[in-house]
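Beneath this line is the structure, given in structure tokens, with notes to follow.
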Amino acid sequence: MDDLTLALALWQDPEVTRFISGPLSADAVRDRLVREMESMAAYGVQYWPIFLRATDEHAGCAGLRPYKLKDRIYELGFHLRPAYWGKGLASEAARAVIAYAFETLRVSALFAGHHPANQVSRHVLEKLGFRFTHEEIYPPTGLLHPSYLLARPASS
């Protein structure tokens, strides 16, 4: 709960949350943070905060959550504060999370999706090697979101 202030600044920002159902209330942010801690305790994954090394500024978060555990597939996600958009931080953070997923957790694949209007996220996922597989309903928005998989590299 030490990260509550950071989580509030991130998930109450209308720009950060416009593609994931809009700003969260303080109670919803608290609930989300509790779910992240529960996921860490149960599965060893969560959305971890991202800080800039040079200044220690909080830039956002990136991480994993269980998706299809029986198939050893986890979901990758990232949320950045607007001041840090367009600087390559999403790709950098996602690469670190991907390495952790494949090298440490030994997952078989990673899933990711994005709001249909969020072309920046689409570009980041494709640049990271994710391949479009289908569309699926994302309950918070009620929309069909483009969905992607990144298979475990053969050498991992």
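Coordinate-derived values only; no laboratory data. Quick caveat, the model's predicted, so the values are computed rather than measured. Cβ atoms come from the backbone with ideal geometry, glycine included; neighbour counts cover every protein chain shown.
One table, with the values for the structure above:
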item	result
Cα centre as origin, Lys/Arg/Asp/Glu Cβ charges: the chain dipole, Debye	520
Extension gain, residue 108 back to residue 70 (0.36 nm per residue minus Cα-Cα distance, nm)	12.6 nm
Computed E for residue 35/residue 127 - FRET, C-beta separation, R0 35 angstrom, nearest 0.05	0.75
Difference of contour (0.36 nm per residue) and Cα-Cα distance, residue 56 to residue 8	15.5 nm
Value of D in µm² per second that Stokes-Einstein yields for the stretch 76-137, Kirkwood Rh from Cα pairs, at 4 °C (1.567 mPa s)	103
Table column - 3J(HN,Hα) (Hz), the stretch 106-122, Karplus curve with 6.51, -1.76, 1.60, x for Gly and Pro	6, 5, 7, 6, 10, 9, 8, x, 8, 4, x, 8, 8, 6, 5, 5, 4
Between 0 and 90°, nearest 10: helix 89-99 axis offset from the chain longest Cα axis	50
Neighbour-limited loop hits for trypsin sites (Lys or Arg not before Pro), the stretch 99-156 (at most 12 other Cβ within 10 Å; DSSP other than H, G, I, E, B)	106
DSSP-defined antiparallel bridges as percent of all bridges, the chain, nearest 5	90
Top positive-direction residue, dipole computed over the stretch 26-156 with Cβ charges, set 29, 134, 40	134
Mean projected area (nm²) of the alpha-carbon convex hull when the chain is viewed from all directions	9.3
222 nm mean residue ellipticity, helices alone, for the chain (DSSP H n ≥ 4; -39,500 (n - 2.57); rounded to 500)	-9500 deg cm²/dmol
Two-site label geometry, residue 42 and residue 25: point separation in nm, points 7 Å out along Cα→Cβ	2.3
